[in-house]
Amino acid sequence: MEGLAIGSANARIGLPEAIAVLKAGGTAVDAVVAAIKPVEANPLDHSVGYAGLPNLSGEVELDASLMDGRTLATGAVGALTGYQDAIELARKVMEVLPHVLIVGDGARRFAEELGFVSSDLLTPESKQVWQSRMDELRRGAPDAYMDRMRTIVGEMSRDPEHADAHGTVNVIVRDGQGNVACGVSTSGWAWKYPGRLGDSPIVGAGNYADNRWGAAACTGRGEMAQRCCTAHSVVTALRYGVDLTAAVHQAMTDLVTLDDPFASEINIVAVDRHGNRIGASSTPGKTYVTMTESMSEVAEIDCLVFPFPP
């Protein structure tokens, strides 16, 4: 069985790392982590890890999760500050602790105890983007903040220049033994309320993998995926015999028909147990990336489009 990887478009720089791990005999979990780490370290990507866009208080908070489809073991961290390698820390939660998800000061403490290298995640470029909105967001009560965030969300949906303001990276890998793993990492929404968690650290919402059926992961407005348990819904449909395209079609239909005043771009990548791959988005022109052990380069493929109703 040939190993393969699939991910959001910004995972392009990491997929060769995943394939190299598979060729060297590594596991699907090893490959997922290897693929996501370069994205977390990429200063040009303001949606993940180092150089991520900060919250309302100007602090970069990272979320990540990892799931092993062979055992259904999971690990996740949320609202992590001061440490870049969120996906590595999620793996340590999965392997070391009797927990699935740790957040905030607990996640930071865990990283420190394990000897992770701390760093200032906020770059001058990210701070400049953040500052461009802060004067207006600081004024007024929480209801005023909500009104202004509604405007910003609308701009993010219409203007590609603001795409990083709610981006994420996800990667799904199937190794040569048929084992599937899935990982997600993000700095979350720019200007988010401190402590906000999206779907990325919530297993079943932004990330789910099961060797028997397949795997799925989401990017975009995480609150929508949380409400629909989107990743799990795709895998559950596969479990009951629905083909991959139909499973993703139903999940996207659920998402784009939600009553949500903050509704904005939402995306899914998914793999079934046979190795079929698919990407879907609510926004035209979006792509996903994929690579197999026999490919010399990463392929970029157009997502299926499921637009919001007029």
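The values are calculated or read from the model by the stated rules, or taken from the named source; none is laboratory data. Here the structure is a predicted model, which is why all the values come from computation and not from measurement. A quick note on method: Cβ atoms are made from the backbone with ideal geometry, for glycine too, and the neighbour counts reach across all protein chains shown.
General observations
- Hits in the stretch 265-292 - residues which are over 11 Å from Met252 (Cβ atoms) and of a type in the set (Val, Ile, Thr): Val269, Val271, Thr283, Thr287, Val289, Thr290, Thr292
- Meets criteria (assigned to a strand (DSSP E or B) and small (Gly, Ala, Ser)) for Gly52: no
- Within the stretch 244-264, being loosely packed, with under 14 Cβ neighbours inside 10 Å and assigned to a loop (DSSP other than H, G, I, E, B) holds for Thr257, Asp259, Pro261.
- Taking residues in the stretch 275-288 that are in contact (Cβ under 8 Å) with a residue 40 or more places away in the chain, and partners anywhere that are crowded, with 16+ Cβ neighbours inside 10 Å and basic (Lys, Arg), the pairs with Cβ atoms closer than 7 Å and at least 6 places apart or on different chains are Gly275/Arg174.
- Selection from the stretch 87-144 of residues that are at pLDDT below 95 and at positive phi: Gly140
- Checking each residue in the stretch 1-25 for being surrounded by fewer than 24 Cβ atoms within 10 Å (Cβ to Cβ) and either in a loop (DSSP other than H, G, I, E, B) or polar (S, T, N, Q) (or both) picks out Met1, Glu2, Asn10, Arg12, Ile13, Ala24, Gly25.
- Single residue of the stretch 75-98 satisfying the filter (within 17 Å of the chain's Cα centre (by Cα) and among the small types (Gly, Ala, Ser)) that is surrounded by the fewest Cβ atoms within 10 Å (Cβ to Cβ): Ala79
- For the stretch 169-196, the set of residues classified as in a loop (DSSP other than H, G, I, E, B), buried (at least 24 other Cβ atoms within 10 Å of the Cβ) and modelled with pLDDT of 95 or more consists of Asp175, Ser187, listed by residue number.
- Qualifying positions in the stretch 206-229 - closer than 25 Å to Val60 by Cβ and touching a strand residue (DSSP E or B) at 6+ places or on another chain (Cβ under 7 Å): Gly206, Asn207, Ala217, Cys218, Thr219, Gly220, Arg221, Met224, Ala225
- Ser233 meets the stated requirement of being polar (S, T, N, Q), out of contact with any His (no Cβ under 6 Å at 6 or more places or on another chain), without any contact (Cβ under 8 Å) to a residue 24 or more places away in the chain and not in a loop (DSSP other than H, G, I, E, B).
- Filtered by the rule that a residue be closer than 29 Å to Thr123 by Cβ and under 17 Å from the mean Cα position of the chain (by Cα), the stretch 56-74 gives Val60, Glu61, Leu62, Asp63, Ala64, Ser65, Leu66.
- Unmet criterion (only one of (1) over 16 Å from the mean Cα position of the chain (by Cα); (2) within 18 Å of Lys192 (Cα to Cα); (3) crowded, with 24+ Cβ neighbours inside 10 Å) for Ala28: (2)
To keep it simple, each residue is scored yes or no on (1) more than 25 Å from Thr74 (Cα to Cα); (2) at pLDDT below 95; (3) of a type in the set (Phe, Trp, Tyr).
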position	(1), (2), (3)
Gly220	no, yes, no
Ala246	yes, no, no
Ala251	no, no, no
Asp272	no, no, no
Ser281	yes, no, no
Lys286	yes, no, no
Glu293	yes, no, no
Glu300	yes, no, no
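- Only a single item in (1) more than 16 Å from Val289 (Cα to Cα); (2) in contact with an Asp or Glu (Cβ under 6 Å, 6 or more places away or on another chain); (3) part of a helix (DSSP H, G or I); (4) of a type outside the set (Ser, Thr, Tyr) is not met by Ala34, and it is number (1).
- Pairing residues of the stretch 50-72 that are more than 14 Å from Asn211 (Cα to Cα) and at pLDDT below 95 with residues that are surrounded by fewer than 24 Cβ atoms within 10 Å (Cβ to Cβ) and of a type in the set (Lys, Arg), at Cβ distances under 8 Å and at least 6 apart in sequence or on separate chains, gives Pro54/Lys127; Asn55/Lys192; Asn55/Arg196; Leu56/Lys192; Gly58/Lys127.
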